[in-house]
Structures are given as C-alpha cells and as structure tokens.
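Visitor: Here it is, the structure, as structure tokens.
The values are calculated or read from the model by the stated rules, or taken from the named source; none is laboratory data. On a predicted model such as this, the values are computed, not experimentally measured, just so you know. As a convention, Cβ positions derive from the backbone with ideal geometry for all residues, glycine included, and neighbour counts pool all protein chains shown.
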Amino acid sequence: MSMPPVEEEVLYAESFKITGGNFAHGGDVAARIKSILKEFGVRTDVIRRLSIANFEAEMNVIMYADEADLELKVTPTAVRVTLADRGQGIPDIALAMQEGYSTATAAMRERGFGAGLGLPNIKRNADSFDIESTPGVGTTLRYTVAIG
Amino acid sequence: MTSNDHALTSDPAKCIGCVDCTRACPTGAIRVRDGHAVVNYDLCTDCGFCIHVCQSDAMRARTTSLSDLKKFKYTVAMPSLTLYAQFGHEVLPDQILHALTKIGFDDYCDISWMCEMVAVASEAYLAECRGPWPKISSTCPAIVRLLRVRYPELLPHLIPIETPRELAAKLTRRRLAQQRGLAPEEIGIFFITPCTAIMNSIERPVGLSESYLDGAFSIQEVYGPLLKALKDVPSSVRVDGGISARGLGWAQAGGEINSMRNSNTLTVRGVQDITRVFDRIESGKFQSVDFIEAYSCYEGCVSGQLAVESRAAAQRTIQNLSRRLRSATPVKEERIRSLMASRFFTLEGEITAREVKPLALDLRGAIKLRSDRAALRAKVPGKNCAACGAPNCDMLVEDVLHGEAKIEDCPFIEIERLRSQLGNSQGRERRGRTDPPAPACGKRATMLKGGAQ
C-alpha cells in the first residue's frame, strides 16, 4: 500500500482573479503578492524572484487568456503559486518554453512585451515549475520558490 | 534621536495640531499626538513636504547658526545652483557669487563645474558597470534616505559616485589650504541649500564618514541680505573660469541626465511617481534602462521648500541662463581623467540600509499579524479623515498594531460606541416606562435548556 504524499501545512492562502485584456491593471496582482510577502518578512531575494515570475505569468494571462485564478499558498518552506487560466491554451509547450519564441502581436510588442522570454523567465526564477495546457481550454502553471 | 539634532522640527508653540503635514508626508512619518505634530525620524526622509504645507509655520528646518561662522578663520559660501535662479535671469551667477562675499562670507565656490565633472565620471562608470540595472542617481539625499528606509534591496542600484557638493567642498578645501596657507580645519565651507534633505545629509552623511561641508544656510535666510548686496555688484563682474552651462541644468529635474551623453536614461520626479518606479525595479523591471535620475521634489532642486522664487519662475531663469551660457565650460577633460584615475569621484563608504524593526519575528507571527490587521481594517471606516492623528485609516491600524494608538482614537468608531451606549440606555428607559421588564431568567433558562440538549 503506497502512502499518500505528505501535504505540507499551508500557513496562508489567498486567491486572486486576473482578467484577460486588462492592461490598465497589469502587474497589480504581482504587486499585491509582493506586499503580502514583504509583510510576512520573506527574504527579499525570494520576493524578487517570485515577483518576476508572477509578473510574467500575470501578463501572459492579460495578453493571451480570458481570465485566470491565481492561488497563492505559503508553507513553512516555500511559496507556491497555481495559476489556472481559461483561454486559448498553448498547442506546443516545448516551443513556447524556448527563449525568443513569441506569438505576441505588433500591438503587444509596442507595449514592450513579446520578447519571447515570459515562460522561460518564470522557470528560471522558480525552484520548481510545471505547465499543463489544453488548446482551446486553458493553461495551468504551478511554480514554487523556496523560502529557505 | 531627539528632535534637536534633526534638520526638521515641529514647534509645539506654533503647531495647531491640524493634520496637513501628517497627510503630506510621503513615508507616513508624522502623527498628531496630544494636539501636536510628532515626527518619527526613523521614517523621515527629510523631503520637507511638511514644511511646504504647514500653514502655522510650525514645521521648521534647522540650519546652521550664524555664530558658527565665527568658528572658522576663512569662510566659504557654496550655493546650490538653485540660488542662481532666485533673482531673475538679468542677474548673473557671477554677480550672486560676488554678493555672497559682501554678506559675511570670505569667499564663494560655484558647483556647476563639479556637476559637469560628475556627469562625465558617471558616464564613464556606467560604461564599465556590470549592473544591477538601472543605476540610480545619488544626488537627491531624500531619495537616498527613501531607498535606505523603504527599498534596502535597491541600494546596490545607487551609483557609487559622490555628490557634486561634497566633491566640490573636498577640492576647494584642498585648494584654499594650499593657496592661503591655512589648515584644512580653519576653513569653513557652508552650503546655501534649497532643501532640508541636504542640510541633514551634511549633519548625518551616508557613504561618507564625515561631510566635507561644515554646515548649511537656507536660501530663504540669505535671500534678503543678498538682494541688498546685489545692488552694489556690477553686472560686469566675472568669476574665475566661469560657470558651466552643462552643470547649471542640474538645478532642475532632467538636468543631470541632459548633461550626460548616455541617452538610455530616465527622470522620475515626486515621491509618488518614484515609489511606483522603485516598486517596478524591485520586481525586476526597468533593467534595460542605464540610469535613473530621481528627485523627491517635483521639478528637482528649484522646487526645494527653502527656496524663495516660485519653481516656474526659477525654471525659466535657469533655462534663460543656460541659453545665455551656451556651451561655456571651465572644465578640462584632462583634469577629469586625472581625478578619475585617483578614484576621486567614488563614494568613500558604503550606503547601508536603515533597518526598521519588524513587528513579527517569524513567518507564523507575521501571518497572524496579517489576520489581526485585516480584522482591524474591517473596523475602521475607511474615510481617511486623519482626525485620529494618523494620515489615514490603514496607518491608524498600523499604529494600533504597534501599540502606539487605540482603535477608539477613530472618531467614527467612538461616535458609534457612544451612540450605541446612548441607544441602549434610551432603550432601557423606554422599556422601563411602557413594558414590564423582561424576565431576566427567561432567556437564560432557554440558553441553559439549549446547552443541556
């Protein structure tokens, strides 16, 4: 009989809604999470890495998806983020994970996005990273940054 | 730290306990307690906004006293470039510098040339620097203090180059000691400042064990005597070497980056915009920018709260003077190169964070604190009236958490409490008159019954 994986105690959880196309508030959720973690006294380099990942993930939703729920969990050892969006999904994840690959439109590029660094940047700043996507349904990202 | 040794003080005899300064403070450092403004110097960045908004003249900048001049054999006035913008563009900086020697100083020292040299040194630094990007100017001491208090993780972004005023004082003292055969400590160099932040940076320097300046007078203090003295200074007088056109622009926001050849730069002005940009830098943004010039005052030094001329008029004067000077410069490239080789411009010490003690020491404590905070925030009305003495409802909540205020300090909560007290007693009276008192044991009996089930 296999033991179920030990669930780590969740000290704090909060969820946030992100709306696609809402450029005016782009980065707000990342900023709110940053201030929460600051309040918790989380180490600044941890906050910085997580903020970069959150900002990229949030902007991905704003640019490509309809809406998303971001679930923040703080455990004694890590900050865990699950971001599930409803939208077009990613047909070829391996391609999307390549640096420099982007499907951004000219208008998005004008806003300074679309360098093709979003997903790779999240992965680079996280300690664990996982992505699942169903074209036409949506994408779910799970990433963590260890508190240490 | 007592208020006596700080550049900013509130005079309790004049303070009427209004909340203008409390609300104006960008770091939430002021509270009204027992009818008077009290400054928390751990949070104060010396930006001087409180002086600007105080209508009772109670918030004052403490500057050097005139008697301090007597401690020195030879005194030098070093005006902020903003002083050149106080008398209209018909009055040249050369005249103003000469006039300073007629109001009690033995000598003067212009800093426009040093601003130009620092611009060149900054360019050279940026060309070789390897990050973290963007670099942030260290010119405005209120910004340096804001970084130390609120953005300690951004301190490595500060450009490690000393300010023109300190560097000019360092060189001038060296030169005068040689030329006049004086001991360096016999020379007193005094800054003529447009703001409280510079005043405090002289008394409590950062990145430097001791300031090269000996004190500061406000532009307001010297304005009257200077205006009189200027009448006897002919417009034909010139200072040795002349004024640097490139350096003069530093008087206003944008001047520092305009004096640099690197165009991958940005100017941010006003604490509100600055916090927005600093927040983004913390999240890893703006890395493609090389250099950010940030001023706590909206238009840079010309809008300092200790200046006399309005900032619009002062800006016009600086622009006109710059046009008149065109590309004039007393600065020689070889001189900058030799000074750079000796690391003259480099900050002598490290700029360290000012730790603000956290309320909770561990993660669990902090998370509990967040729920306490949320509970308190649900109680306050969110009207941000500041009548409690804190600038807004959230700050009152913080004060309560810190044990420095009570939630009842909120007049809305207090009125509600009194009203419900009054309502209860009125209700009791009414019931007493019309209804027979409810059997006190009735409810209790039900409860007991419920409890027994």
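Visitor: Any idea which of (1) under 24 Å from B:Tyr298 (Cβ atoms); (2) without any contact (Cβ under 8 Å) to a residue 60 or more places away in the chain; (3) over 21 Å from the mean Cα position of the chain (by Cα) is the one B:Pro12 doesn't satisfy?
Guide: Against the list (1) under 24 Å from B:Tyr298 (Cβ atoms); (2) without any contact (Cβ under 8 Å) to a residue 60 or more places away in the chain; (3) over 21 Å from the mean Cα position of the chain (by Cα), B:Pro12 comes up short only on (1).
Visitor: Sticking with this structure for a sec: Filter segment B:218-242 down to the residues that are part of a loop (DSSP other than H, G, I, E, B) and surrounded by fewer than 16 Cβ atoms within 10 Å (Cβ to Cβ) and list them by number.
Guide: Across segment B:218-242, the qualifying residues are B:Lys231, B:Asp232, B:Pro234, B:Ser235, B:Ser236, B:Val237, B:Arg238, B:Asp240, B:Gly241.
Visitor: Sticking with this one: Any idea which of B:Ala341, B:Ala375, B:Ala390 is surrounded by 17 or more Cβ atoms within 10 Å (Cβ to Cβ) and modelled with pLDDT of 90 or more?
Guide: On inspection, the qualifying residue turns out to be B:Ala390.
Visitor: Here's another thing I want to ask about it. I'm checking my understanding of the structure. Among residues of segment A:21-40 that are outside any helix (DSSP H, G or I) and crowded, with 18+ Cβ neighbours inside 10 Å, which one is farthest from the other protein chains (Cβ to nearest Cβ)? Write out each step before concluding.
Guide: Within segment A:21-40, the first condition is being outside any helix (DSSP H, G or I), and the residues that meet it are A:21-22, A:26-27, A:40.
Pick out the ones that are also crowded, with 18+ Cβ neighbours inside 10 Å and you get A:26-27, A:40.
Details: A:Gly26: 11, A:Gly27: 7, A:Phe40: 4 Å.
Here the residue is A:Gly26.
Visitor: Could I ask something else about it? Quick test for you: out of A:Leu11, A:Leu37, A:Leu95, pick the one residue that is within 16 Å of the chain's Cα centre (by Cα) and hydrophobic (A, V, I, L, M, F, W, C).
Guide: A:Leu37
Visitor: Can I ask one more? For residues that are within 14 Å of chain B (Cβ to nearest Cβ), in contact with a strand residue (DSSP E or B) (Cβ under 7 Å, 6 or more places away or on another chain), among the hydrophobic types (A, V, I, L, M, F, W, C) and in a helix (DSSP H, G or I), tally how many sit in segment A:41-88.
Guide: Qualifying residue count for the region: 4.
One line per residue, one yes/no per condition, for (1) at pLDDT below 75; (2) closer than 12 Å to A:Asn60 by Cβ:
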| residue | (1), (2) |
| --- | --- |
| A:Thr103 | yes, yes |
| A:Glu110 | yes, no |
| A:Arg124 | no, no |
| A:Asp127 | no, no |
| A:Ile131 | no, yes |
| A:Gly136 | no, no |
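Visitor: Has segment B:328-345 got any residue that is in contact with a Cys (Cβ under 7 Å, 6 or more places away or on another chain) and outside any loop (DSSP other than H, G, I, E, B)?
Guide: Within segment B:328-345, not a single residue is in contact with a Cys (Cβ under 7 Å, 6 or more places away or on another chain) and outside any loop (DSSP other than H, G, I, E, B).
Visitor: So which of B:Leu363, B:Leu359 is within 14 Å of chain A (Cβ to nearest Cβ), crowded, with 17+ Cβ neighbours inside 10 Å and either within 28 Å of the chain's Cα centre (by Cα) or not β-branched (Val, Ile, Thr) (or both)?
Guide: Working: B:Leu359 fails: crowded, with 17+ Cβ neighbours inside 10 Å.
From the options B:Leu363, B:Leu359, the qualifying one is B:Leu363.
Visitor: Filter segment B:167-209 down to residues that are closer than 21 Å to B:Val144 by Cβ and of a type in the set (Gly, Ala, Ser), then give me how many there are.
Guide: Residues in segment B:167-209 being closer than 21 Å to B:Val144 by Cβ and of a type in the set (Gly, Ala, Ser): 6 in total.
Visitor: For segment B:229-261, name all the residues that are among the aliphatic types (A, V, I, L, M) and over 27 Å from the mean Cα position of the chain (by Cα).
Guide: Taking segment B:229-261 first, the residues among the aliphatic types (A, V, I, L, M) are B:229-230, B:233, B:237, B:239, B:243, B:245, B:248, B:251, B:253, B:257, B:260.
Selection gives B:Ala229, B:Leu230, B:Val233, B:Val237, B:Val239, B:Ile243.
Visitor: Might you check whether a residue that is in a loop (DSSP other than H, G, I, E, B), at pLDDT 90 or above, surrounded by fewer than 15 Cβ atoms within 10 Å (Cβ to Cβ) and not assigned by TED's automatic domain parsing to the domain that holds B:Gly255 occurs anywhere in segment B:20-37?
Guide: yes
Visitor: Look at B:Gly300 and say whether it is farther than 15 Å from B:His157 by Cα, in the same structural domain as B:Trp113 (by TED's automatic domain parsing) and surrounded by 18 or more Cβ atoms within 10 Å (Cβ to Cβ).
Guide: When the stated conditions are applied, B:Gly300 passes them.
Visitor: Okay, next question. Given segment B:243-319, what helices (runs of 4 or more DSSP H) lie entirely inside it while holding 1 or more residues that are polar (S, T, N, Q) and more than 14 Å from chain A (Cβ to nearest Cβ)? Spell out the reasoning first.
Guide: Details: elements: B:245-248, B:255-258, B:271-282.
By residue number, B:255-258, B:271-282.
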